[in-house]
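Colleague: One structure follows; several queries about it will come next.
The values are calculated or read from the model by the stated rules, or taken from the named source; none is laboratory data. Since the structure is predicted, the reported quantities are computational estimates derived from the model, not experimental observations. Neighbour counts run over all protein chains shown; Cβ positions are idealised from the backbone, glycine included.
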Amino acid sequence: FIALPKKNGDIRLVIDFRDLNKCIIRPNFETATPFQAVRTIPPGMKFFTVIDALKGYHQVPLDDESIDLTTFSTPFGRYQYLRLPFSVSHAGDDYCRRVSEVFDDLPNCRRIVENILVYSATYDEHI
């Protein structure tokens with residue numbers, strides 16, 4: 001694993017999955033750019049809320065075979081991810097696909113990368 005500094009000064013431990021990533025056939029999930037997504041918002045919208053899923057990738061469970069593939073060692077023992085780690089090559093595609101399945105058909109919502117933008121014309125609609 002690698003220790004990287006976070007913006008707030010904390011340390012983030014990142015597992016080096018480069019060898020695993022070489023073996024993964026990455027699905028291609030087409031996603032709009034933020035600019036494209038925002039351009040589809042109807043005119044007249046005045047109220048906006050951005051929803052950021054806290055640790056979104058870690059909300060995605062791994063199957064048993066995938067759990068075994070994420071095993072890593074530290075001076076304190078061996079560990080495995082039970083949820084989707086950020087540094088696996090298909091994580092972004094898989095997460096965005098799952099978010100799209102939930103939110104794409106909802107009115108007044110747009111997925112922008114890994115966030116959800118909710119918009120409305122009036123305050124009453126928005127709440």
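Colleague: Counting just the residues of region 1-26 that are charged (D, E, K, R) and surrounded by 10 or more Cβ atoms within 10 Å (Cβ to Cβ), which one comes out nearest to the chain's Cα centre (by Cα)? Break it down into steps so the answer makes sense when it comes.
Modeller: At the first step, the residues of region 1-26 found to be charged (D, E, K, R) are 6-7, 10, 12, 16, 18-19, 22, 26.
Of the ones still in play, those that are also surrounded by 10 or more Cβ atoms within 10 Å (Cβ to Cβ) are 12, 16, 26.
Numbers: ARG12: 17, ASP16: 19, ARG26: 15 Å.
Looking at the filtered set, the residue picked out is ARG26.
Colleague: Is it true that some residue in region 52-61 is surrounded by 12 or more Cβ atoms within 10 Å (Cβ to Cβ), in contact with a strand residue (DSSP E or B) (Cβ under 8 Å, 6 or more places away or on another chain) and closer than 25 Å to ILE127 by Cβ?
Modeller: Step one: filter region 52-61 for residues surrounded by 12 or more Cβ atoms within 10 Å (Cβ to Cβ), giving 53, 56-60.
Now drop any that are not in contact with a strand residue (DSSP E or B) (Cβ under 8 Å, 6 or more places away or on another chain), which leaves 53, 57-60.
Still in the running and closer than 25 Å to ILE127 by Cβ: 53.
Yes, some residue in region 52-61 is surrounded by 12 or more Cβ atoms within 10 Å (Cβ to Cβ), in contact with a strand residue (DSSP E or B) (Cβ under 8 Å, 6 or more places away or on another chain) and closer than 25 Å to ILE127 by Cβ.
Colleague: Can you pull out every residue in region 43-64 that is on the phi < 0 side of the Ramachandran plot and either in contact (Cβ under 8 Å) with a residue 60 or more places away in the chain or in contact with a His (Cβ under 6 Å, 6 or more places away or on another chain) (or both)? Steps first, answer last, please.
Modeller: Applying the first criterion (on the phi < 0 side of the Ramachandran plot) to region 43-64 yields 43, 45-54, 56-64.
Passing the criteria: MET45, LYS46, PHE47, PHE48, THR49, VAL50, ILE51, ASP52, ALA53.
Colleague: Residues in region 73-82: is at least one at pLDDT 85 or above, of a type in the set (A, V, I, L, M) and surrounded by 14 or more Cβ atoms within 10 Å (Cβ to Cβ)?
Modeller: no
Colleague: Let me ask something else. Got at least one residue in region 62-73 being of a type in the set (Phe, Trp, Tyr) and closer than 30 Å to LEU13 by Cα? Even if it seems obvious, please write down each step before you answer.
Modeller: Of the residues in region 62-73, the ones of a type in the set (Phe, Trp, Tyr) are 72.
Imposing the further condition that a residue be closer than 30 Å to LEU13 by Cα reduces the set to 72.
The answer is yes, given that some residue of region 62-73 is of a type in the set (Phe, Trp, Tyr) and closer than 30 Å to LEU13 by Cα.
Colleague: Can I ask one more? PRO107 versus (1) surrounded by fewer than 11 Cβ atoms within 10 Å (Cβ to Cβ); (2) over 30 Å from HIS126 (Cα atoms); (3) free of Cβ contacts under 8 Å to residues at least 60 places away in the same chain: which is the lone unmet condition?
Modeller: (2)
Colleague: Kindly provide the set of residues from region 33-42 that are without any contact (Cβ under 8 Å) to a residue 24 or more places away in the chain and surrounded by 11 or more Cβ atoms within 10 Å (Cβ to Cβ), ordered by number.
Modeller: Selection gives GLN36 alone.
Colleague: Across region 86-126, what is the number of residues that are more than 15 Å from ASP52 (Cα to Cα), part of a loop (DSSP other than H, G, I, E, B) and not charged (D, E, K, R)? Don't jump to the end; show me each part of the working.
Modeller: Keep residues of region 86-126 that are more than 15 Å from ASP52 (Cα to Cα), which gives 86-91, 93-94, 97, 101, 104-108, 120-126.
Of the ones still in play, those that are also part of a loop (DSSP other than H, G, I, E, B) are 86-90, 104-108, 121-122.
From what's left, not charged (D, E, K, R): 86-90, 106-108, 121-122.
Here the count works out to 10.
Colleague: Which strands (runs of 3 or more DSSP E) sit wholly inside region 27-85 and have at least 1 residues that are under 21 Å from the mean Cα position of the chain (by Cα)? Walk me through how you get there before you give the answer.
Modeller: Details: elements: 47-52, 72-74, 77-79.
Here the list reads 47-52.
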